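The values are calculated or read from the model by the stated rules, or taken from the named source; none is laboratory data. The model shown is predicted, which means the values in this text are computed figures rather than measured ones. Cβ placement follows ideal geometry from the backbone for every residue including glycine, while neighbour counts extend to all protein chains displayed. Ligands, DNA and RNA are excluded from the accessible area calculation, which covers all protein heavy atoms including side chains. Shrake-Rupley method; radii C 1.70, N 1.55, O 1.52, S 1.80 Å.
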Amino acid sequence: MLQNDLSAMTLEKGTILIVDDNELNCEILSIIFSVHPIIIASNGKEALDVIRKKKGELDAVLLDYLMPQMDGLTFLEQVKEEKLLSRTPIFLITSEGDDTLAAKAFKLGVVDFIKRPLSAFIVQKRVESIIELYQTRAILEKLLEKETKKVRDFGRGLIKTIGAAIEDRVKDSRVHSHNVRALSRILLTKSEVGKNLTHQEISEVLEAISLQDIGKLSQDSILHNDSDHPNKEQQEEISERSKKAIMLLTDLQKVSHFKPFQFARDLAEFQKDNMEGHYFSEKIGHQEIPLWVQGVAFSSMIDSIIANSGKSGKEGFSEALKRVEEGEFGEFNSHLLKAVKENLDELQAVYG
(Lines give C-alpha, C1' and ligand atoms only; values in the text may rest on other atoms or scores of the structure.)
Protein backbone atom coordinates (compact mmCIF):
# COMPACT_ATOMS: atom_id res chain seq x y z
CA MET A 1 0.00 0.00 0.00
CA LEU A 2 1.02 3.62 -0.61
CA GLN A 3 1.01 4.45 3.12
CA ASN A 4 3.31 1.52 3.95
CA ASP A 5 5.70 2.48 1.13
CA LEU A 6 5.85 6.04 2.46
CA SER A 7 6.49 4.89 6.05
CA ALA A 8 9.38 2.71 4.88
CA MET A 9 11.20 5.60 3.21
CA THR A 10 13.66 7.79 5.13
CA LEU A 11 14.53 11.43 4.52
CA GLU A 12 18.21 12.05 3.81
CA LYS A 13 20.30 15.11 4.57
CA GLY A 14 21.18 16.63 1.21
CA THR A 15 23.44 19.53 0.31
CA ILE A 16 22.57 23.14 1.17
CA LEU A 17 23.91 25.88 -1.09
CA ILE A 18 24.73 29.16 0.67
CA VAL A 19 25.00 32.15 -1.66
CA ASP A 20 26.56 35.11 0.16
CA ASP A 21 29.65 37.29 -0.32
CA ASN A 22 30.09 37.81 3.44
CA GLU A 23 32.39 35.16 4.92
CA LEU A 24 31.06 35.61 8.47
CA ASN A 25 27.45 35.11 7.33
CA CYS A 26 28.49 31.95 5.45
CA GLU A 27 30.29 30.62 8.52
CA ILE A 28 27.26 31.23 10.79
CA LEU A 29 24.87 29.48 8.37
CA SER A 30 27.35 26.60 7.92
CA ILE A 31 27.36 26.04 11.68
CA ILE A 32 23.55 26.21 11.93
CA PHE A 33 23.20 23.60 9.19
CA SER A 34 26.28 21.53 10.04
CA VAL A 35 24.34 18.24 9.67
CA HIS A 36 24.16 18.96 5.92
CA PRO A 37 26.97 19.00 3.36
CA ILE A 38 27.51 22.69 2.56
CA ILE A 39 28.54 24.42 -0.66
CA ILE A 40 29.32 28.15 -0.58
CA ALA A 41 29.10 30.53 -3.54
CA SER A 42 30.16 34.16 -3.14
CA ASN A 43 27.86 35.53 -5.85
CA GLY A 44 24.96 34.66 -8.13
CA LYS A 45 27.11 33.62 -11.07
CA GLU A 46 29.06 31.12 -9.01
CA ALA A 47 25.80 29.82 -7.57
CA LEU A 48 24.33 29.26 -11.04
CA ASP A 49 27.38 27.19 -12.00
CA VAL A 50 26.94 25.06 -8.88
CA ILE A 51 23.22 24.56 -9.48
CA ARG A 52 23.70 23.52 -13.10
CA LYS A 53 26.20 20.88 -11.96
CA LYS A 54 24.34 19.79 -8.81
CA LYS A 55 20.76 20.01 -10.10
CA GLY A 56 18.60 17.55 -8.19
CA GLU A 57 21.15 17.13 -5.38
CA LEU A 58 20.38 20.27 -3.37
CA ASP A 59 18.10 20.30 -0.33
CA ALA A 60 17.85 24.10 -0.23
CA VAL A 61 19.39 27.37 -1.37
CA LEU A 62 20.05 30.15 1.19
CA LEU A 63 20.37 33.29 -0.89
CA ASP A 64 21.64 36.70 0.20
CA TYR A 65 19.78 39.57 -1.46
CA LEU A 66 22.69 42.07 -1.73
CA MET A 67 25.68 40.65 -3.62
CA PRO A 68 28.24 41.87 -6.18
CA GLN A 69 28.07 40.87 -9.88
CA MET A 70 24.54 39.45 -9.62
CA ASP A 71 22.07 40.34 -6.86
CA GLY A 72 19.44 38.01 -5.43
CA LEU A 73 16.56 39.02 -7.72
CA THR A 74 18.65 38.78 -10.89
CA PHE A 75 19.81 35.35 -9.76
CA LEU A 76 16.19 34.28 -9.15
CA GLU A 77 15.15 35.51 -12.59
CA GLN A 78 17.88 33.41 -14.22
CA VAL A 79 16.97 30.34 -12.16
CA LYS A 80 13.33 30.67 -13.15
CA GLU A 81 14.15 31.19 -16.82
CA GLU A 82 16.27 28.02 -16.90
CA LYS A 83 13.82 26.10 -14.64
CA LEU A 84 16.70 25.00 -12.43
CA LEU A 85 15.13 24.75 -8.98
CA SER A 86 11.46 23.87 -9.40
CA ARG A 87 11.82 21.14 -6.74
CA THR A 88 14.25 22.89 -4.39
CA PRO A 89 13.22 25.53 -1.82
CA ILE A 90 14.94 28.91 -1.99
CA PHE A 91 15.21 31.15 1.08
CA LEU A 92 16.04 34.83 0.66
CA ILE A 93 18.23 36.32 3.41
CA THR A 94 17.81 40.06 3.89
CA SER A 95 17.72 42.78 6.52
CA GLU A 96 15.22 44.76 4.47
CA GLY A 97 11.47 44.74 5.09
CA ASP A 98 10.37 45.99 1.67
CA ASP A 99 6.98 44.54 0.63
CA THR A 100 7.74 45.20 -3.03
CA LEU A 101 10.92 43.14 -2.77
CA ALA A 102 8.99 40.36 -1.03
CA ALA A 103 6.31 40.29 -3.74
CA LYS A 104 8.92 40.09 -6.52
CA ALA A 105 10.88 37.38 -4.72
CA PHE A 106 7.82 35.19 -4.08
CA LYS A 107 6.83 35.45 -7.76
CA LEU A 108 10.32 34.30 -8.70
CA GLY A 109 10.15 31.18 -6.53
CA VAL A 110 11.30 32.12 -3.04
CA VAL A 111 9.46 30.05 -0.41
CA ASP A 112 10.40 32.07 2.70
CA PHE A 113 12.40 35.02 4.01
CA ILE A 114 15.17 34.85 6.60
CA LYS A 115 15.67 38.23 8.28
CA ARG A 116 18.84 39.47 9.89
CA PRO A 117 19.92 39.39 12.63
CA LEU A 118 19.66 35.59 12.49
CA SER A 119 18.12 33.50 15.27
CA ALA A 120 19.87 30.14 14.89
CA PHE A 121 17.08 27.99 16.35
CA ILE A 122 14.25 29.67 14.40
CA VAL A 123 16.18 29.68 11.13
CA GLN A 124 17.10 26.01 11.49
CA LYS A 125 13.53 24.93 12.30
CA ARG A 126 11.94 26.94 9.48
CA VAL A 127 14.40 25.76 6.85
CA GLU A 128 14.45 22.11 7.98
CA SER A 129 10.64 21.90 8.10
CA ILE A 130 10.33 23.14 4.53
CA ILE A 131 13.13 20.84 3.36
CA GLU A 132 11.24 17.93 4.92
CA LEU A 133 8.03 19.07 3.22
CA TYR A 134 9.73 19.18 -0.19
CA GLN A 135 11.36 15.78 0.32
CA THR A 136 8.08 14.20 1.40
CA ARG A 137 6.35 15.65 -1.65
CA ALA A 138 9.07 14.24 -3.91
CA ILE A 139 8.70 10.80 -2.32
CA LEU A 140 4.92 10.96 -2.71
CA GLU A 141 5.27 11.91 -6.37
CA LYS A 142 7.52 8.90 -6.97
CA LEU A 143 5.13 6.58 -5.17
CA LEU A 144 2.13 7.99 -7.02
CA GLU A 145 3.99 7.57 -10.30
CA LYS A 146 4.56 3.94 -9.34
CA GLU A 147 0.86 3.52 -8.51
CA THR A 148 -0.13 5.26 -11.74
CA LYS A 149 2.02 2.83 -13.70
CA LYS A 150 0.21 -0.04 -11.99
CA VAL A 151 -3.12 1.48 -13.04
CA ARG A 152 -1.90 1.90 -16.62
CA ASP A 153 -0.65 -1.69 -16.70
CA PHE A 154 -3.98 -2.89 -15.33
CA GLY A 155 -5.84 -0.84 -17.93
CA ARG A 156 -3.74 -2.08 -20.83
CA GLY A 157 -4.13 -5.67 -19.68
CA LEU A 158 -7.87 -5.18 -19.46
CA ILE A 159 -7.99 -3.67 -22.95
CA LYS A 160 -6.10 -6.65 -24.38
CA THR A 161 -8.49 -9.04 -22.66
CA ILE A 162 -11.58 -7.20 -23.90
CA GLY A 163 -10.12 -6.82 -27.38
CA ALA A 164 -9.40 -10.55 -27.59
CA ALA A 165 -12.95 -11.34 -26.42
CA ILE A 166 -14.47 -9.04 -29.04
CA GLU A 167 -12.27 -10.48 -31.77
CA ASP A 168 -13.34 -14.01 -30.84
CA ARG A 169 -16.99 -12.95 -30.94
CA VAL A 170 -17.12 -10.70 -34.01
CA LYS A 171 -16.02 -11.67 -37.50
CA ASP A 172 -13.07 -9.68 -38.89
CA SER A 173 -12.91 -7.51 -35.75
CA ARG A 174 -9.13 -7.89 -35.43
CA VAL A 175 -8.47 -6.69 -38.99
CA HIS A 176 -10.96 -3.82 -38.65
CA SER A 177 -9.44 -2.58 -35.35
CA HIS A 178 -5.94 -2.78 -36.82
CA ASN A 179 -6.92 -0.74 -39.88
CA VAL A 180 -8.87 1.86 -37.90
CA ARG A 181 -5.90 2.36 -35.54
CA ALA A 182 -3.52 2.74 -38.47
CA LEU A 183 -5.72 5.31 -40.22
CA SER A 184 -6.47 7.17 -36.99
CA ARG A 185 -2.79 7.30 -36.02
CA ILE A 186 -1.98 9.11 -39.26
CA LEU A 187 -4.82 11.61 -38.92
CA LEU A 188 -4.16 12.33 -35.23
CA THR A 189 -0.37 12.66 -35.45
CA LYS A 190 0.05 14.34 -38.83
CA SER A 191 -2.84 16.79 -39.07
CA GLU A 192 -4.93 19.21 -37.06
CA VAL A 193 -7.39 16.39 -36.33
CA GLY A 194 -5.32 15.63 -33.23
CA LYS A 195 -4.28 19.21 -32.44
CA ASN A 196 -6.03 19.30 -29.05
CA LEU A 197 -4.47 16.04 -27.88
CA THR A 198 -1.04 15.44 -26.35
CA HIS A 199 1.19 12.62 -27.64
CA GLN A 200 0.20 10.57 -24.60
CA GLU A 201 -3.51 11.20 -25.23
CA ILE A 202 -3.18 10.18 -28.87
CA SER A 203 -1.67 6.86 -27.75
CA GLU A 204 -4.58 6.45 -25.33
CA VAL A 205 -7.15 7.20 -28.03
CA LEU A 206 -5.60 4.48 -30.20
CA GLU A 207 -5.76 2.07 -27.26
CA ALA A 208 -9.43 2.98 -26.81
CA ILE A 209 -10.49 2.02 -30.33
CA SER A 210 -11.00 -1.66 -29.57
CA LEU A 211 -12.92 -0.76 -26.39
CA GLN A 212 -15.74 1.13 -28.10
CA ASP A 213 -17.30 -2.19 -29.18
CA ILE A 214 -17.33 -3.63 -25.68
CA GLY A 215 -21.12 -3.53 -25.81
CA LYS A 216 -21.07 -6.42 -28.28
CA LEU A 217 -20.04 -8.76 -25.47
CA SER A 218 -23.40 -8.27 -23.75
CA GLN A 219 -25.49 -9.34 -26.75
CA ASP A 220 -26.64 -12.87 -27.44
CA SER A 221 -26.11 -12.48 -31.17
CA ILE A 222 -24.43 -10.05 -33.50
CA LEU A 223 -26.13 -8.84 -36.65
CA HIS A 224 -23.62 -8.63 -39.46
CA ASN A 225 -23.85 -5.61 -41.69
CA ASP A 226 -22.91 -6.53 -45.24
CA SER A 227 -23.84 -3.15 -46.74
CA ASP A 228 -22.62 0.41 -46.36
CA HIS A 229 -25.87 1.64 -44.82
CA PRO A 230 -27.31 -0.27 -41.84
CA ASN A 231 -31.04 -0.96 -41.97
CA LYS A 232 -33.41 -0.02 -39.13
CA GLU A 233 -32.85 -3.26 -37.24
CA GLN A 234 -29.08 -2.89 -37.48
CA GLN A 235 -29.27 0.76 -36.39
CA GLU A 236 -31.24 -0.24 -33.30
CA GLU A 237 -28.74 -2.97 -32.49
CA ILE A 238 -25.75 -0.61 -32.81
CA SER A 239 -27.51 1.98 -30.67
CA GLU A 240 -28.34 -0.61 -28.01
CA ARG A 241 -24.81 -2.03 -27.81
CA SER A 242 -23.43 1.53 -27.66
CA LYS A 243 -25.62 2.17 -24.61
CA LYS A 244 -24.26 -1.03 -23.07
CA ALA A 245 -20.72 0.09 -23.89
CA ILE A 246 -21.28 3.48 -22.23
CA MET A 247 -22.60 1.80 -19.10
CA LEU A 248 -19.71 -0.70 -18.93
CA LEU A 249 -17.06 1.92 -19.63
CA THR A 250 -18.54 4.23 -16.99
CA ASP A 251 -18.25 1.40 -14.45
CA LEU A 252 -14.67 0.72 -15.54
CA GLN A 253 -13.80 4.38 -14.95
CA LYS A 254 -14.96 4.02 -11.36
CA VAL A 255 -12.50 1.17 -10.86
CA SER A 256 -9.61 2.76 -12.75
CA HIS A 257 -9.06 6.32 -13.92
CA PHE A 258 -7.41 5.00 -17.09
CA LYS A 259 -7.98 7.60 -19.79
CA PRO A 260 -8.67 5.20 -22.69
CA PHE A 261 -11.87 4.21 -20.86
CA GLN A 262 -13.06 7.83 -21.12
CA PHE A 263 -11.98 8.11 -24.75
CA ALA A 264 -13.77 4.85 -25.60
CA ARG A 265 -16.86 6.15 -23.82
CA ASP A 266 -16.73 9.33 -25.95
CA LEU A 267 -16.62 7.22 -29.11
CA ALA A 268 -19.50 5.01 -27.94
CA GLU A 269 -21.56 8.09 -26.97
CA PHE A 270 -21.01 9.55 -30.42
CA GLN A 271 -22.08 6.33 -32.09
CA LYS A 272 -25.20 6.01 -29.92
CA ASP A 273 -26.38 9.57 -30.56
CA ASN A 274 -26.05 9.17 -34.29
CA MET A 275 -27.62 5.73 -34.54
CA GLU A 276 -30.84 6.80 -32.91
CA GLY A 277 -32.50 7.53 -36.22
CA HIS A 278 -29.44 8.52 -38.23
CA TYR A 279 -26.51 6.81 -39.90
CA PHE A 280 -23.58 8.17 -37.92
CA SER A 281 -21.68 9.58 -40.92
CA GLU A 282 -24.51 11.97 -41.76
CA LYS A 283 -23.70 13.97 -38.61
CA ILE A 284 -19.98 13.40 -38.39
CA GLY A 285 -19.34 17.03 -39.28
CA HIS A 286 -21.41 18.39 -36.37
CA GLN A 287 -19.59 21.26 -34.65
CA GLU A 288 -20.03 19.90 -31.12
CA ILE A 289 -18.28 16.63 -31.85
CA PRO A 290 -14.53 16.77 -31.05
CA LEU A 291 -12.42 16.63 -34.18
CA TRP A 292 -10.43 13.63 -32.92
CA VAL A 293 -13.68 11.68 -32.48
CA GLN A 294 -14.61 12.54 -36.06
CA GLY A 295 -11.19 11.35 -37.23
CA VAL A 296 -11.58 7.94 -35.56
CA ALA A 297 -15.20 7.63 -36.78
CA PHE A 298 -14.14 8.53 -40.31
CA SER A 299 -11.39 5.89 -40.19
CA SER A 300 -13.88 3.28 -38.98
CA MET A 301 -16.37 4.15 -41.70
CA ILE A 302 -13.78 4.14 -44.50
CA ASP A 303 -12.57 0.70 -43.45
CA SER A 304 -16.15 -0.62 -43.32
CA ILE A 305 -16.87 0.71 -46.83
CA ILE A 306 -13.72 -0.94 -48.17
CA ALA A 307 -14.56 -4.24 -46.46
CA ASN A 308 -18.11 -4.25 -47.89
CA SER A 309 -17.02 -3.19 -51.39
CA GLY A 310 -15.03 -6.35 -51.98
CA LYS A 311 -12.16 -4.26 -53.35
CA SER A 312 -8.75 -4.06 -51.75
CA GLY A 313 -5.61 -1.92 -51.79
CA LYS A 314 -5.47 1.65 -53.01
CA GLU A 315 -8.36 1.02 -55.38
CA GLY A 316 -10.68 0.18 -52.48
CA PHE A 317 -9.55 3.21 -50.50
CA SER A 318 -9.87 5.59 -53.47
CA GLU A 319 -13.40 4.40 -54.24
CA ALA A 320 -14.48 4.72 -50.59
CA LEU A 321 -13.07 8.23 -50.35
CA LYS A 322 -14.74 9.24 -53.62
CA ARG A 323 -18.14 8.15 -52.31
CA VAL A 324 -17.57 10.18 -49.15
CA GLU A 325 -16.53 13.28 -51.13
CA GLU A 326 -19.59 12.96 -53.38
CA GLY A 327 -21.80 13.25 -50.31
CA GLU A 328 -23.21 9.74 -50.22
CA PHE A 329 -22.68 9.58 -46.46
CA GLY A 330 -23.53 13.16 -45.56
CA GLU A 331 -21.52 16.34 -45.06
CA PHE A 332 -18.15 15.97 -43.41
CA ASN A 333 -16.09 18.49 -41.47
CA SER A 334 -13.95 20.45 -43.95
CA HIS A 335 -10.89 20.31 -41.65
CA LEU A 336 -11.12 16.53 -41.55
CA LEU A 337 -11.39 16.18 -45.35
CA LYS A 338 -8.47 18.59 -45.76
CA ALA A 339 -6.39 16.43 -43.39
CA VAL A 340 -7.30 13.31 -45.40
CA LYS A 341 -6.19 14.90 -48.68
CA GLU A 342 -2.92 16.15 -47.16
CA ASN A 343 -2.06 12.62 -45.96
CA LEU A 344 -3.65 10.69 -48.82
CA ASP A 345 -0.61 8.62 -49.84
CA GLU A 346 0.09 7.45 -46.29
CA LEU A 347 -3.58 6.63 -45.63
CA GLN A 348 -3.82 4.61 -48.83
CA ALA A 349 -0.62 2.75 -47.91
CA VAL A 350 -2.49 1.16 -44.96
CA TYR A 351 -4.19 -1.02 -47.58
CA GLY A 352 -1.04 -1.95 -49.44
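A 28 angstrom limit on the alpha carbon distance is what I want to check against. Which of Lys83/Lys115; Lys55/Lys195; Lys55/Lys259; Lys83/Lys338 exceed it? Walk me through the intermediate numbers first.
On the way: Lys83/Lys115 26 Å; Lys55/Lys195 34 Å; Lys55/Lys259 33 Å; Lys83/Lys338 39 Å.
Violating the 28 Å Cα-Cα cut-off are Lys55/Lys195; Lys55/Lys259; Lys83/Lys338.
Find which of Ser30, Ile40, Val50 sits farthest along the positive direction of the dipole of the stretch 16-67, computed with +1 on the beta-carbon of Lys and Arg, -1 on that of Asp and Glu, about the Cα centre.
Val50
What accessible area, in Å² to the nearest ten, does a 1.4 Å probe give for His176?
50 Å²
Roughly how many whole Å is it from the C-alpha centroid of the stretch 292-352 to that of the stretch 23-91?
59 Å
Using a 1.4 angstrom probe with every protein chain in place, what is the largest-first accessible-area order of Glu23, Glu77? Before the final figure, lay out each step's value.
Values: Glu23 155, Glu77 100 Å².
So the residues, ranked largest to smallest area, are Glu23, Glu77.
For Glu342, what is the net charge nearby, where nearby means another residue's Cβ is under 11 Å from its Cβ and Lys, Arg count +1, Asp, Glu -1? Don't skip to the answer; put the middle values down first.
On the way: positive: Lys190, Lys338, Lys341; negative: Glu192, Asp345, Glu346.
It works out to a net charge of 0.
On the protein heavy atoms, probe 1.4 angstrom, tell me the percent of accessible surface of the stretch 23-135 carried by carbon and sulfur.
Numbers: 3260 of 6150 Å².
Accessible surface attributable to carbon and sulfur in the stretch 23-135 totals 53 percent.
If one computes the Cα centroid of the stretch 171-203 and of the stretch 116-145, what distance in Å separates the two points?
45 Å
Using a cut-off of 10 Å between beta-carbons, work out the net charge of the residues near Ser42 (Lys and Arg +1, Asp and Glu -1, Ser42 not included). If you can, show how the numbers build up before the last one.
Working: positive: Lys45; negative: Asp20, Asp21, Glu23, Glu46, Asp64.
The answer is -4.
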